[in-house]
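Trainee: This is the structure, below, for whatever I ask next.
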Amino acid sequence: MSRPRIVFDERGLEEIMRLPKVRAALKAKAEEIAGRARTIASSEIDDGFASEIRVSEEIRPSGRPTAKVIADRADAADHEWGSTNTERRRVLGRAGAVEPQTIFPDRADRP
């Protein structure tokens with residue numbers, strides 16, 4: 001018995017991506033991450049930094065909708081990545097449960 005073959009048809013994908021329910025789900029997830037980021041920022045940096053964290057929605061040129069969490073304060077990049085004067089906090093990365101990537105491949109399976 002052969003397995004059924006499924007071929008994805010992309011013709012309706014752009015319409016699906018623009019549906020209000022899809023956009024609302026994207027925004028809801030971004031708001032959830034932003035809430036965690038504000039909590040982390042408030043406890044580790046200050047309330048002023050936390051108040052500068054917001055959600056931005058846009059539609060990419062390809063038609064794909066996005067919702068992203070942004071920290072607007074001038075020193076946001078320093079707190080995220082660290083600098084000579086600022087400790088690396090990874091507020092947005094930790095809130096989104098994103099692990100920093102490395103340029104080195106995983107070598108755990110090598111002797």
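The values are calculated or read from the model by the stated rules, or taken from the named source; none is laboratory data. What you are looking at is a predicted structure, and each value in this text was computed from that prediction instead of being measured. Don't worry about glycine lacking a Cβ; one is built from the backbone with ideal geometry, like all the others, and counts go over all protein chains shown. Side chains are part of the model used for accessible areas, which takes the heavy atoms of the whole protein and leaves out ligands, DNA and RNA. Shrake-Rupley method; radii C 1.70, N 1.55, O 1.52, S 1.80 Å.
Trainee: Any chance you could count how many residues in region 8-26 are at pLDDT 80 or above and not in a helix (DSSP H, G or I)?
Mentor: Of the residues in that region, 2 qualify.
Trainee: Mind listing whichever residues of region 1-39 are more than 30 Å from residue 90 (Cβ to Cβ) and of a type in the set (Gly, Ala, Ser)?
Mentor: Once the filter is applied, which keeps residues that are more than 30 Å from residue 90 (Cβ to Cβ) and of a type in the set (Gly, Ala, Ser), region 1-39 yields 2, 12.
Trainee: Moving on to the next point. Take the residues in region 27-52 that are of a type outside the set (D, E, K, R) and open to solvent by 70 Å² or more (accessible area, probe 1.4 Å), then tell me which one is modelled with the highest pLDDT.
Mentor: 39
Trainee: Out of the residues in region 71-89 meeting the condition of being part of a loop (DSSP other than H, G, I, E, B) and charged (D, E, K, R), tell me which one is farthest from residue 30 (Cα to Cα).
Mentor: 87
Trainee: Return the residues of region 53-70 that are open to solvent by less than 30 Å² (accessible area, probe 1.4 Å) and part of a loop (DSSP other than H, G, I, E, B); say none if nothing qualifies.
Mentor: 63
Trainee: Filter region 9-67 down to the residues that are in contact with a Lys or Arg (Cβ under 7 Å, 6 or more places away or on another chain) and either acidic (Asp, Glu) or free of Cβ contacts under 8 Å to residues at least 12 places away in the same chain (or both) and list them by number.
Mentor: 44, 52, 57
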